[in-house]
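Beneath this line is the structure, given in C-alpha cells, with notes to follow.
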Amino acid sequence: MTFSIAKLQPHLPKAHSGIWWIALSGGLDSCVLLHSLAALNLPVTLHALHINHQISPNANAWQAHCADMCARLNIAFTAIKVDVKNSGRGIEDAAREARYAVFEQHIKSGDYLLTAHHADDQAETLLLRLMRGTGSRGLAAMAQQRPLGQGTLFRPLLNFSRAELEDYARAQGLSWVNDESNADDHYDRNYLRNQVMPLLRERWPGFAGRWQQTAELCAANESLIEEFAAQDLELADFKPKLVGTSISLVYAESLSVARRHNLMRTWLRGQCLSTPEQQHLQQIEQQIIGGRQDAETQVTWGDVSLRVYRQRIYALPLADLLSVPDSSLEFAPAITLPAEFQFGFEHLESSDKPLLNPNLPNLHLRFRQGGERCRPAGRAHSQTLKRLLQDYGVEPWLRESLPLVYSNDDLVAVADLWVCEGFQAEGAGFHLNYSKKRI
C-alpha cells in the first residue's frame, strides 16, 4: 500500500473532540505523521509533544528540528526534558518508561496520543515477543488503540511500511533526524531491524503486512478469551477486601487448567498486579490447587502474593502487606498505622451497629501483644481476641496489624469489627472505620 494522506484518513480516530497529541521524536516516521496530519486540515486541535531524553549528544539539536518543523506547519509544540535512569532493565526500557510517564501527564480525558509506529515496528515487536515466549496476547503485538492515562493512545500507521513512509517524505521534501544509536546491534530491536528483517524482506516481500494481519487475528482471539475470563471472574465471586481481592477456590478448582490460568491472569491484570508466568502457574497448581489449603500456603512473585483462607484465593499486593508505618492520627495514638491505611472516628446519631461511647477518656490505639480478651457487644461471654478474630473470619495476615482501640487500659473496640460490651453508646456515638486510603 502506497502511503498518502487520503489512505491515512480511514486509519485515524473517528472522534474529533479533545486534543490530538502527536508524539514527535524528529525521526522519519513521526515527521511523516505530523506532516500528513497537518495536510489533512482536520477539524481537530493538533499539538506536538517532544520528549528530550538527554541521552544522545544530539538531543538538543533534535528538539530544535522538531520545534522548527512545528513552527513551519503552524502546530503547537511542547518539549519536555526527562532524566532517564536505568533501573536494571536496560536504557531502552528506562527511556520508554520516562517517555510514557510524560505522555500520561499531558493526555487528558477525550484526548488522543498519536504515535508513528508502523508495520515494520509491529513485525519487530512480534518477533521479539516470540523470542521471549508468548501467547496470543503477546502475538497481538501493538494494538491500534488502547487506554493511556485519561485518554487514548492511537497508532494510525500500523498498516504502512517504513519504505512507504520514506517515499512520502522524499516526495514532500521532508527532513528528519537519525538516531545514531539505531546502528548499535547490541540492542535486540536494532539487531532484528538491521540484520534479520532485511533477509526476511528479501525472501518474503510484504511479510510485515501479513504479520500485521496475524497480530490483528490474535488480538481478536484475545478479546474473546478476555470475555470468557470476565464471565469466570464473576462466577468466581470476585470480592474486594481490605487488602487485595479474592475469588472462590472451589470455582477455580472446577475449571480446566487452561481456563483456570486464563482466569488468574485476567484477575491479576485487572488489579494492576504482576501476571503469572508459566513457572508461577505451575506453583499455583501444586501449592494452591493441589496442596494444603490453609493460611500458610502462598505463592509469591513480583508485587503479588497469592494465599488461601476459608476456601478463597486472595491476591495481596506486597506493598500493602509490607507497608512501613509512617502516618499519625489526631487522637493521641500509641501506634502509627501503615502508610496505606487510615482509621477514623465518625460521630453518628444512630446506627444499625453498636457505636462507641464518645465520652470515654484517653482514647488511643495499640496493636496486639497477645493474651487480650474482650466481649463484643451483644455476646454472652468474653473470649480471647485470637479466637474472636477466627470467629469473625479475619484473614490471618491482617490480625497482627488491626488497630485496637483502648480507653486508658480497657480494650473498648477492635478496629471497625466490633465495640466491646459496656463501652457502646446509648444514643449518638462514634462509628469506627478502618480502610485503605483512596489514591
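Taken together, the values in this text are just the output of simple stated rules run on the coordinates, not laboratory data. Predicted model only: the values in this text are computed from it and were never measured. Quick reminder, even Gly has a Cβ in these numbers, built from the backbone with ideal geometry, and neighbours come from all protein chains shown.
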Exercise for the section: Place the peptides 251-259, 205-213 in order of packing, highest mean first, counting for every residue the other Cβ atoms within 10 Å and averaging per peptide. Expected result: 205-213, 251-259
Handout entry: the chain - percent relative contact order, Cα under 8 Å, separation 6 or more
Key = 11
Practice task
Could you work out how far apart the two model spin labels at Tyr100 and Gln390 are, taking each label as a point 7 Å from the Cα in the direction of the beta carbon, and quote it in nm?
Solution key: 4.6
Problem - Expected-Rg normalisation [2.2 N^0.38 Å, Cα atoms] applied to the range 5-216 - result: 1.00
Problem - In order through the range 123-139: 3J(HN,Hα) via Karplus (6.51 cos²θ - 1.76 cosθ + 1.60), integer Hz, x for Gly, Pro - result: 5, 5, 4, 4, 5, 4, 6, 4, 5, 8, x, 8, x, 4, 4, x, 5
Problem - Computed label-point distance, nm, for sites Ala380 and Ser223 using a 7 Å Cα→Cβ extension - result: 6.1
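Could you state the per residue volume, in Å³, of the convex hull enclosing the Cα atoms of the chain?
In the chain, the Cα convex hull volume per residue is 196 Å³.
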Handout entry: Degrees, to the nearest 10: 207-235 long Cα axis against longest axis of the chain
Key = 10
Completion exercise
Scoring the range 338-439 by relative contact order with C-alpha pairs under 8 Å, at least six apart, yields a percentage of 48
Handout entry: Cα-based Lys pair tally, the chain, threshold under 29 Å, eight or more apart or on separate chains
Key = 19
Exercise for the section: Kindly write out, for the range 302-310 in residue order, the coupling ³J(HN,Hα) from the Karplus curve 6.51 cos²θ - 1.76 cosθ + 1.60 (θ = phi - 60°), rounded to whole Hz, with x marking Gly and Pro. Expected result: x, 10, 9, 10, 9, 9, 10, 7, 6
Practice task
Taking amide H positions as placed in the peptide plane 1.01 Å from N, state which residues far from Arg373 in sequence (5 or more) or on other chains have amide H under 5 Å from it.
Solution key: Leu385
Completion exercise
Taking N as the number of residues in the range 142-293, the ratio of its alpha carbon radius of gyration to 2.2 N^0.38 Å works out to 1.48
